[in-house]
Number of protein chains: 2
Amino acid sequence: MADRHGPELAAPLAERLRARGLRLTTQRQRVLAAVAALEHATPEAIGARLREEAGPDGAAPDTSTVYRTLELLERLGLVWHTHLGKGAPVYHAAEHPHLHVVCQGCGEITSADPALLAAAAERLAADLGFQLDVGHVALSGTCRACRGRAGTEHS
Amino acid sequence: MADRHGPELAAPLAERLRARGLRLTTQRQRVLAAVAALEHATPEAIGARLREEAGPDGAAPDTSTVYRTLELLERLGLVWHTHLGKGAPVYHAAEHPHLHVVCQGCGEITSADPALLAAAAERLAADLGFQLDVGHVALSGTCRACRGRAGTEHS
DNA sequence: CTCGCTGCAAAGCTTTTGCACCTGT
DNA sequence: ACAGGTGCAAAAGCTTTGCAGCGAG
């Protein structure tokens, strides 16, 4: 099930790489598959996943390769990233656009319907000529579970 | 004009510090003033500003103090921070709530009316029990000026 | 056969932490 | 005087970069 996104993405990857005269490598295919499988993954998490998949054979791509590849995949339009908090960019496959809702309390990430921001997007476009990029948006707040816990902190 | 926010914030600062048995120091007052003056400031920018204000006298707070103070001020509810991109948390005074609109192209930050997300906030609350924190939200996209430039990149 | 890609390792940054000294109360 | 705060410097993450060898086309 880890590669249920694999086949769907393999074709576009090869295609877009060829179109630019770039090469299709095992590492690139694996990184893309990992991003798709882990819905909200940090570079670190992706690396871990790859290392895990590779097993003791140790054939996992190097960290620097993961970073370089993520950057490339993003340029190819196959993945997107969002900054949810501190130093943690999160990558996800560009297949199904969705926005991220992040709880400040527990750090849980939920995907939400992009339509949620349709109204806001229209107003930004009308008022400022600003084109909202829904895929990159992260909405912060507090989830239901943490609302109870909140406020317990001081006094 | 740099300290037009100073007086407004000085009182709450002293007050909240005393309420917790903490001390009012010059550094804390300066950091708060700098955050208020620079509307969207990174810790680095705040440090630079303080160093600049201090002049050759060199009486600027240390970087570590800036970080510690920002954390404290946030705990006191006097400032808020948002993550707009890479490793760049942006702090702003908690006086006037507003959300941030950031252009991916030029990095320009615009403030927008929190009401923009009122509808989205209500739906998140209703559907997920999620309380949206408008002050922390950053909306990414492309500004009018950069829309022209965009797309020029590939083919 | 060529040039792009990868792995390794070191450099770069921003942010955090430990400690001794200084300062607000 | 007492505790909290600050500065300094070292440590810690996370990401980027240089280079030589490997591999796709």
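The values are calculated or read from the model by the stated rules, or taken from the named source; none is laboratory data. It should be emphasised that the depicted structure is a prediction, and the values quoted were computed from it without experimental measurement. Here Cβ is always computed from backbone atoms with ideal geometry, including for glycine, and neighbour counts include all displayed protein chains. Calculation scope for accessible area: heavy atoms of the full protein, side chains included, ligands and nucleic acids excluded. Shrake-Rupley method; radii C 1.70, N 1.55, O 1.52, S 1.80 Å.
Filter the stretch A:76-97 down to residues that are touching a His at 6+ places or on another chain (Cβ under 8 Å) and outside any strand (DSSP E or B) and give me whichever is farthest from the other protein chains (Cβ to nearest Cβ). If we take residues in the stretch A:76-97 being touching a His at 6+ places or on another chain (Cβ under 8 Å) and outside any strand (DSSP E or B), then A:95 is farthest from the other protein chains (Cβ to nearest Cβ). If the condition is being loosely packed, with under 15 Cβ neighbours inside 10 Å and more than 12 Å from every other protein chain (Cβ to nearest Cβ), then the stretch B:98-112 contributes only B:107. Residue-level analysis places residue A:93 outside the set of residues that are in contact with a helix residue (DSSP H, G or I) (Cβ under 9 Å, 6 or more places away or on another chain) and over 20 Å from residue A:9 (Cα atoms). Of the residues screened, residue A:63 is one that is more than 12 Å from chain B (Cβ to nearest Cβ), touching a helix residue (DSSP H, G or I) at 6+ places or on another chain (Cβ under 7 Å) and more than 16 Å from residue B:100 (Cβ to Cβ).
So, in the stretch B:12-26, how many residues would count as being more than 9 Å from DNA strand C (Cβ to nearest atom), without any contact (Cβ under 8 Å) to a residue 60 or more places away in the chain and part of a helix (DSSP H, G or I)? Going through the stretch B:12-26 one residue at a time, the tally reaches 2. Note on the stretch A:8-26: among residues that are within 10 Å of DNA strand D (Cβ to nearest atom) and open to solvent by 80 Å² or more (accessible area, probe 1.4 Å), the one that is nearest to the chain's Cα centre (by Cα) is A:24.
Among the residues of the stretch B:38-76, which ones are near DNA strand C (Cβ under 10 Å from one of its atoms), open to solvent by 60 Å² or more (accessible area, probe 1.4 Å) and within 20 Å of residue B:109 (Cα to Cα)? Correct list: B:44 only.
In summary, residue B:116 fulfils each of the numbered conditions (1) touching a Lys or Arg at 6+ places or on another chain (Cβ under 9 Å); (2) more than 11 Å from chain A (Cβ to nearest Cβ) with the single exception of condition (2).
Based on what the data block shows, is residue B:32 away from chain A (no Cβ under 14 Å), at pLDDT 95 or above, farther than 19 Å from residue B:109 by Cβ and more than 9 Å from DNA strand C (Cβ to nearest atom)? Yes.
Identify, please: which residue in the stretch A:113-147 is among the charged types (D, E, K, R) and in a helix (DSSP H, G or I) and is, among those, most open to solvent (accessible area, probe 1.4 Å)? Let's see the steps before the verdict.
Applying the first criterion (among the charged types (D, E, K, R)) to the stretch A:113-147 yields A:113, A:122-123, A:127, A:133, A:144, A:147.
Applying the additional criterion that residues be in a helix (DSSP H, G or I) yields A:122-123, A:127, A:144, A:147.
Values: A:122: 131, A:123: 103, A:127: 95, A:144: 147, A:147: 114 Å².
Here the answer is A:144.
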